Amino acid sequence: MYKLTKNLRTNEVDSIIKEKDGVFLAIPFDPDNTDYQAYLKWVAEGNTPTPADEPN
Amino acid sequence: MAGKLIVDTIDTDNAFITLNVQQSQIATMNVSGIYSNTGVKMIGANGTVSNTAITGLVTASQIANVANTQLTGTITGSQISSNTLSNTVFQTGSVENYMNAQGLGFGMRNRIINGAAVIAQRGTTFSGLSDDGGQYTLDRWKWAENGTFTGVQTVTQDTSAPAGFSYSLKVQTTTAVAVATSLSCRVEQFIEGFNWADMGYGTANAKTTTLSFWVRSSLTGTFGGAFRNSADDRSYPFSYTISVADTWEQKSITIAGDTSGTWIGATNGTGLRVTFSLGAGTALSGTAGAWVAAGTQSVTGAVSVVGTLNATWYVTGVQLEKGSTATSFDYRPYGTELQLCQRYFYRLVNASASTGYVPNITGVRYTANEVYLGITCPAPLRTTPSISKSGTMYIYSGGTNITLGGVVAVTSNYNSYTSCPNVRVTATSITSNTGWICEFDINAYFDISAEL
């Protein structure tokens, strides 16, 4: 459901992708963003996101 | 001269009476008491002036002052006929001063955005709404549910509306479900703290608040809703009655502001939730008319729209304002209303009939497999948005046209005054470091959401 993504320049995770019905939603690490709040709630419920792909 | 004039007592030390009474100005004058040269102290034996006692013109010099409490009754509509108050009846600023003293505003009174259901950036039909936590529909209006929700509803922008309005938000139940204890569904709007802080909720200065709206339903009876805080631990259930099926009715609900609890102040968080319940279980229902330390969403025993297959519920003309009076709907220019919505959601779409250049996106190479797109939004966003992409898009430069893949990340230079989010999107063979323009196929779009 959620997958982390890495910044290919910094090699640091800097965003979250949520997939639903084939639509990909990029979510920022912003505590005021309600999609990010929903992600944190989902993690708090014991879920784990898919790790980010490693750069080629 | 018609009628008669009787002088009953005269101040003999300063016996001085000047009468300048013209025919028809005073039909009957019954005077008693002592009079000075400053004017009449009392008119009529019982101190009243009947409707027809003065038929002529009373000029400003005839009545020097009327003390605050001289008019104790009601001046009915027929006492002052239309278009008879001259420009000087109210001194400049008198009405404004009164409104200000009462804490009432003139412009932008309505804290609800898109209360007339006019703005529909996401589309006009949202079907299959069910157990997914909720979804925004018409701008600023969220359909939401609690619990394991098995009912299904459709929200549409409908042209059924009362006089003065063009659209309404319509909900129709396509799969009915009985509302279990902790189950609910609803239509609601979250009001940003910056637009609510002056109401003083959570303090001793909490302001009286009035919600008004037009509503119709295929069902009749008592319906419910609630005002709720962001933490959902303070709520005020309210009820309203729909008397006749499929007929527009206007409702008004006035509540005392909440002096307790924690309410977000002047921030970009949720200042207030305004909830119209479409069905709520007993755990989420309460008694109308009082603040409670719980997250109730409706009133006990309210009609359940989701409980009846094909039941409909419409709303429009929703207004939430300071004060105890529901004033006329605060019509705002379309462009203003649209920009108010776009602080929370912006669909950047190619609505033309062909693939086209999108002027408010520029791209640069980020890596060989990613392009970095900067988007200029029409309104400052509430916060860093989430961004999704739909349809086929391209970047173009120097005769090279590259198809974009999926969104990878979103960042923003957000602050309180500007917002130009940046989104990284996959692509291939981005070998050039030149700038890129962006093109969308027909109906391709980015959804940029900073909703509450």
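The values are calculated or read from the model by the stated rules, or taken from the named source; none is laboratory data. Treat the numbers as computed from the prediction; the structure is a model and nothing was measured. Ideal geometry is used to build each Cβ from the backbone, glycine not excepted, and the neighbour counts take in all protein chains shown.
Across the stretch B:186-207, the number of residues qualifying as surrounded by fewer than 21 Cβ atoms within 10 Å (Cβ to Cβ), in a loop (DSSP other than H, G, I, E, B) and among the hydrophobic types (A, V, I, L, M, F, W, C) comes to 2.
None of B:Thr362, B:Thr428 is out of contact with any Pro (no Cβ under 6 Å at 6 or more places or on another chain) and assigned to a loop (DSSP other than H, G, I, E, B) except B:Thr428. One residue alone among B:Arg365, B:Arg382 is among the charged types (D, E, K, R), buried (at least 19 other Cβ atoms within 10 Å of the Cβ), out of contact with any helix residue (DSSP H, G or I) (no Cβ under 6 Å at 6 or more places or on another chain) and more than 11 Å from chain A (Cβ to nearest Cβ), and that residue is B:Arg365. Restricting B:Tyr331, B:Tyr357 to residues that are among the aromatic types (Phe, Trp, Tyr) and part of a strand (DSSP E or B) narrows the list to B:Tyr357. B:Tyr331 satisfies every condition listed in (1) in contact with a helix residue (DSSP H, G or I) (Cβ under 8 Å, 6 or more places away or on another chain); (2) surrounded by fewer than 17 Cβ atoms within 10 Å (Cβ to Cβ) except (1).
Just to be sure I understand, how many residues within the stretch B:251-263 are surrounded by 21 or more Cβ atoms within 10 Å (Cβ to Cβ) and of a type in the set (A, V, I, L, M)?
0
Evaluated against (1) more than 14 Å from chain A (Cβ to nearest Cβ); (2) surrounded by fewer than 20 Cβ atoms within 10 Å (Cβ to Cβ), B:Val303 falls short on exactly one condition, (2).
Consider the stretch B:385-405 and keep the residues that are more than 37 Å from the chain's Cα centre (by Cα), assigned to a loop (DSSP other than H, G, I, E, B) and farther than 12 Å from B:Phe440 by Cβ. The one that is nearest to the other protein chains (Cβ to nearest Cβ) is B:Gly405.
Counting only strands (runs of 3 or more DSSP E) that sit wholly inside the stretch B:216-311, not one has at least 2 residues that are modelled with pLDDT under 95. Within the stretch A:23-51, the set of residues being among the hydroxyl-bearing types (Ser, Thr, Tyr), part of a helix (DSSP H, G or I) and in contact (Cβ under 8 Å) with a residue 12 or more places away in the chain comprises A:Tyr36, A:Tyr39. Determine which member of the set B:Thr316, B:Thr282, B:Thr300, B:Thr312 is in contact with a Leu (Cβ under 7 Å, 6 or more places away or on another chain) and hydroxyl-bearing (Ser, Thr, Tyr). Of the residues listed, the single one that is in contact with a Leu (Cβ under 7 Å, 6 or more places away or on another chain) and hydroxyl-bearing (Ser, Thr, Tyr) is B:Thr316.
Residues that are without any contact (Cβ under 8 Å) to a residue 12 or more places away in the chain and within 11 Å of another protein chain (Cβ to nearest Cβ) occur at least once in the stretch A:14-22.
Pull out all pairs, ordered by first then second residue, where Cβ-Cβ is under 6 Å, the residues are six or more apart or on different chains, the first lies in the stretch B:216-232 and is in contact (Cβ under 8 Å) with a residue 40 or more places away in the chain, and the second is surrounded by fewer than 18 Cβ atoms within 10 Å (Cβ to Cβ) and part of a strand (DSSP E or B). Here the result reads B:Thr222/B:Thr241, each pair linking the stretch B:216-232 to a residue that is surrounded by fewer than 18 Cβ atoms within 10 Å (Cβ to Cβ) and part of a strand (DSSP E or B). Can you find a residue that is under 13 Å from B:Ala409 (Cα atoms) and facing another protein chain (nearest Cβ under 9 Å) anywhere in the stretch A:31-44? For the stretch A:31-44, residues under 13 Å from B:Ala409 (Cα atoms) and facing another protein chain (nearest Cβ under 9 Å): present. B:Ala283 fulfils the conditions (1) within 14 Å of chain A (Cβ to nearest Cβ); (2) within 20 Å of B:Val177 (Cα to Cα) except for a single criterion, (1).
Give just the number: which of (1) in contact with a Pro (Cβ under 6 Å, 6 or more places away or on another chain); (2) outside any strand (DSSP E or B); (3) within 18 Å of B:Leu338 (Cα to Cα) does B:Ile448 not satisfy? That leaves (2) as the condition not met.
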